[in-house]
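As structure tokens, the structure follows; a few thoughts come after it.
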Amino acid sequence: MANRRTAVIVGSGVGGLALANILAKAGYEVTVYEKNDTAGGRMGVIKKKGFTFDTGPSWYLMKDVFTDYFRLFGKTTSNYYDLARLDPAYRVFFETMDPTVIKGNMEADTETFESLEHGAASRLRKYVTRAESNYNIALKYFLYNPFKRPSNLLKKDLLLALPGFAGVFTRSLHGYVSSNFRRKELQQILEYPSVFLGASPFNTPALYQLMSYLDFNEGVFYPKKKGMYAVADALCKLGAELGVEYKFNSDVTKIVVKDGNATGIIANKSFVSADIVVSNADLHFTETQLLDQKHQSYPAKYWKKRKAGPSALLLFLGVKGSLPELEHHNLFFVKDWRQNFDQIYKYKSWPKSASMYVSKTTATDKSTAPKNHENVFVLVPLPSGASPGRSEIDKLIEVYLAQLEELSGIKDLRQRIVLKEIYTPDHFGDAFNSWLNTALGMSHTLRQSAFLRPSVKSKKVDNLYYVGAGSQPGIGVPMCIISAQLVYKYLVQDWSSSAPSTIERSVL
Ligand SMILES: Cc1cc2nc3c(=O)[nH]c(=O)nc-3n(C[C@H](O)[C@H](O)[C@H](O)COP(=O)(O)OP(=O)(O)OC[C@H]3O[C@@H](n4cnc5c(N)ncnc54)[C@H](O)[C@@H]3O)c2cc1C
């Protein structure tokens, strides 16, 4: 048998793991080099004193993307994990009114909206119908599209939808939501998904209203008894079945290029040759640190004009007793909504009063904490590009926990903490070489979305590819899984806008 072609992948984030399996199925001998000692990148896990915390993603959204990916290998997600649909999808705490829940059930949620604003029920129905249509268009024409052939956008159903669709590119999510709903709290519920995209609702296109289809209609899921890390685990198990090799504690310091071709990498100071090289490491780091200047498609000056998504303060809390006040997912919204976003994105200052996300996985999975304890994860978005000192962080933690106690009514939360792990903004730079310590990557502003986001293929170096949140289609676990399929489409020169239906050995 002829020698198999070799592929090296720098980084074992979701995108790197997902692509490794695709390349192995396509016949490549694949090795993944990861600087840390575990797989998953931002999808991590902490196990301590009987508590198990997911350290990154906690919302399992766009479940069909996962199903379609595993189908490429003749598998289903249930070969690796089972999903629970969360009911309610989440609880929202406000400074201005009592908490409310979003059930992910239009019947109940329209009633909730109507109880808060006359006429909001029918407007929500229309909003979610529009979100569904935009979501389906995005899936069919944009997310899996390498944008190499403009003609594949000249499709009848897309052209018919265009007049309405164009409007959602030209205005902000906030502009669009506030023209439909007057009440501030309803606006907040419909605008918060921009945070998943590392963006402010005041500076992200209204197109992203499509995210509301997911939480109001499709539903929010959770891998039962395994947590989100189940996804990284499943990708690695599949990889082991396909013969992917993982090399941990392997810091890659260079992508070697000869005559315009990537010939391999330097990992732990040794040269490793490969027929193709893929970087799943942070794209800014890959471009500006792993490549010589003449080989950079996105050099330092490119990044000066780009907007980074937020960094974050993460708290992993083991709490004694029960916390019935919290659901699995909880959102805390401050009344100075715009000011909070401006502090993070514009002024780069530490919010003294911050909107935040809190999860309590013990609502769904008791095994994530010892008996009679709760597992609480707190995420406070903070500005990227700055890093508060330790004493500043300690003060901020007290402020944010006091705010959480006040809004949730859990007066003694701080006294009941038996375990506290902290990830400061520096964590993202230290652990993942993240640009400006961003937790999520390049923000999904209009200029940094769809075909305006970096491609998965280097413009300067043949056989060098990128996979993960930094390139198309963007941030989020399902997006990174799609990104892996985009690399495959480049390899087989499939310029259609649809997801690949099989993985062929034809790239050999
Ligand atoms: C706190 C938080 C909450 C989130 N919540 C959600 C959510 O609820 N739902 C959702 O879908 N998404 C969520 N996301 C986003 C999602 O987790 C990411 O978009 C996705 O996991 C990024 O994957 P990636 O493929 O880009 O790789 P990354 O996770 O960025 O991994 C890249 C890997 O490359 C490695 N690497 C870097 N440099 C080198 C080097 N020189 N040599 C070797 N290896 C290197 C890193 O160590 C890392 O393992 C969240 C992210 C965070 C941080």
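Before moving on, here are some points about what is shown:
- Test result for Y80, more than 18 Å from V358 (Cβ to Cβ) and surrounded by 17 or more Cβ atoms within 10 Å (Cβ to Cβ): yes
- Contacts under 8 angstrom Cβ, first residue in region 95-107 being among the basic types (K, R), partner part of a loop (DSSP other than H, G, I, E, B), 6 or more apart: K103/D87; K103/P88; K103/A89
- Only strands (runs of 3 or more DSSP E) whose full extent lies in region 256-364 are considered here, and the ones with at least 2 residues that are assigned by TED's automatic domain parsing to the domain that holds L404 are 311-320, 329-333, 356-360.
- Filter result for the condition that a residue is within 16 Å of the ligand (Cβ to nearest atom), under 19 Å from I481 (Cα atoms) and modelled with pLDDT under 95, over L235, L197: L197
- The requirement of being on the phi < 0 side of the Ramachandran plot, touching a helix residue (DSSP H, G or I) at 6+ places or on another chain (Cβ under 9 Å) and in a helix (DSSP H, G or I) is fulfilled somewhere in region 86-106, by at least one residue.
- Of the residues K395, K459, the single one that is more than 27 Å from A206 (Cβ to Cβ), in the same structural domain as G13 (by TED's automatic domain parsing) and surrounded by fewer than 16 Cβ atoms within 10 Å (Cβ to Cβ) is K459.
- Taking every residue in region 31-60 that is more than 24 Å from V380 (Cα to Cα) and at pLDDT 95 or above and pairing it with any residue that is acidic (D, E) and more than 6 Å from the ligand (Cβ to nearest atom), at least 6 positions away or on another chain, the pairs with Cβ-Cβ distances below 8 Å are T31/E245; V32/E245.
- Out of E95, E111, one residue alone is at pLDDT 95 or above, in the same structural domain as L139 (by TED's automatic domain parsing) and either within 16 Å of the ligand (Cβ to nearest atom) or not basic (K, R) (or both). It is E111.
- Residue under evaluation G318, criteria (1) closer than 30 Å to L452 by Cβ; (2) more than 16 Å from the ligand (Cβ to nearest atom), criterion not met: (1)
- For region 400-423, residues that are within 13 Å of A354 (Cβ to Cβ), more than 16 Å from the ligand (Cβ to nearest atom) and surrounded by 15 or more Cβ atoms within 10 Å (Cβ to Cβ) total 4.
- Selection of helices (runs of 4 or more DSSP H) fully inside region 152-217 by the criterion of at least 1 residues being over 23 Å from R125 (Cβ atoms) returns 156-170.
- Residue match in region 442-449 (condition: surrounded by fewer than 24 Cβ atoms within 10 Å (Cβ to Cβ) and in contact with a helix residue (DSSP H, G or I) (Cβ under 6 Å, 6 or more places away or on another chain)): no
- Matching option when the condition is touching a strand residue (DSSP E or B) at 6+ places or on another chain (Cβ under 8 Å), buried (at least 21 other Cβ atoms within 10 Å of the Cβ) and touching a residue at least 60 places away in the same chain (Cβ under 8 Å), among F333, F341, F316: F333
- F285 being within 13 Å of the ligand (Cβ to nearest atom), of a type in the set (F, W, Y), modelled with pLDDT of 95 or more and under 30 Å from T368 (Cα atoms): no
- Any hit, region 68-83, residues being aliphatic (A, V, I, L, M) and within 13 Å of the ligand (Cβ to nearest atom): no
- When residues of region 424-463 are limited to those that are over 18 Å from W303 (Cβ atoms), away from the ligand (no atom under 13 Å from the Cβ) and not in a loop (DSSP other than H, G, I, E, B), the one nearest to the chain's Cα centre (by Cα): A450
- Cβ-Cβ under 8 Å pairs, at least 6 apart or on other chains, region 427-453 side of a type in the set (D, E), far side within 10 Å of the ligand (Cβ to nearest atom): none
- Within region 6-23, being near the ligand (Cβ under 8 Å from one of its atoms) and in contact with an Asp or Glu (Cβ under 7 Å, 6 or more places away or on another chain) holds for G11, S12.
- Flag for A386 being surrounded by 20 or more Cβ atoms within 10 Å (Cβ to Cβ) and not in a helix (DSSP H, G or I): no
- Subset tally (residues that are surrounded by 14 or more Cβ atoms within 10 Å (Cβ to Cβ) and out of contact with any helix residue (DSSP H, G or I) (no Cβ under 9 Å at 6 or more places or on another chain)) for region 231-265: 8
- Taken together, A121, A89, A161 contain a single residue that is buried (at least 16 other Cβ atoms within 10 Å of the Cβ) and in contact with a Gly (Cβ under 7 Å, 6 or more places away or on another chain), which is A89.
The values are calculated or read from the model by the stated rules, or taken from the named source; none is laboratory data. For clarity, every value in this text was computed on a predicted model and none was experimentally measured. Note: ideal-geometry Cβ built from the backbone for every residue, glycine included; neighbour counts use all protein chains shown.
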